[in-house]
Amino acid sequence: MNIKSLIAATFASALFTTSTLYASEAKVGTLNVTIVDENGAVVQDAPIYIYGEHKTHFVGGKDVPGTTTLTMPAGEYRISSAIIKKTGDYLDRFASHEAHIQVVEGDNTAVILTLKPIDDPVNSISYAELHKIGVPSEIAQNLN
């Protein structure tokens with residue numbers, strides 16, 4: 001092998017290694033998530049749920065201390081929050097809308113999720129439906 005061939009082979013190898021290195025680097029952006037209640041107050045320790053855009057895979061979840069910034073691969077995601085709070089003998093359920101977001105490489109995406117009360121699911125079931133599923137009449141009458 002002559003010197004020109006050796007230099008060309010070395011250059012080609014270095015070029016291939018460099019392009020492979022850049023191709024394997026993750027393209028990331030940041031996502032700033034804030035969870036608030038209906039009055040705009042920050043909600044501490046609310047969990048967030050992150051899915052791929054088509055809900056084909058669960059990306060992750062995290063308890064957010066009111067607001068947080070996550071580093072994520074560039075892409076499209078669905079993100080939401082829900083929380084259950086115990087008040088005396090009652091459980092109050094809250095959920096946010098589902099935000100469709102796009103994390104862009106090198107950029108910051110911000111989303112604010114507002115937790116709103118969820119109606120008690122039993123109160124929305126009619127007497128006829130309760131009867132169909134086998135709830136005794138005397139109990140079904142007292143549920144609504």
- Note on the structure: Around residue 114 (Cβ within 10 Å, Cβ-to-Cβ, excluding residue 114; K/R +1, D/E -1) the net charge comes to -1
- Task: May I ask for the net charge around residue 86, where only other residues with Cβ less than 12 Å from the Cβ of residue 86 are counted and Lys, Arg are +1 while Asp, Glu are -1?
- Result: 0
- Query: Based on the Kirkwood radius over alpha-carbon pairs, what value in µm²/s does the Stokes-Einstein equation return for the translational diffusion coefficient of region 84-123 at 20 °C and 1.002 mPa s?
  - Reply: 166
- Label point distance in nm, residue 85-residue 104, each placed 7 Å from Cα along Cα→Cβ: 3.5
- Hey, with R₀ at 35 Å, roughly what FRET efficiency would residue 63 and residue 135 work out to, going by the Cβ-Cβ distance, to 0.05? 0.45
- Query: Among the listed pairs 85/132; 86/132; 55/132; 62/86; 27/116; 55/86, which are separated by more than 24 Å between their Cα atoms?
  - Reply: 85/132; 86/132; 55/132; 27/116; 55/86
- Among the trypsin sites (Lys or Arg not before Pro) within region 40-115, which fall in a DSSP loop and have no more than 16 other Cβ atoms within 10 Å of their own Cβ? 55
- For residue 99, the net charge from surrounding residues (Cβ-Cβ under 12 Å; K, R +1; D, E -1) works out to -2
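Just so you know, all these numbers are worked out from the coordinates, no wet-lab data involved. These figures come from a predicted structure and were not determined experimentally. Because the Cβ atoms are built from the backbone with ideal geometry, glycine has one as well, and the counts that use them run over all protein chains shown.
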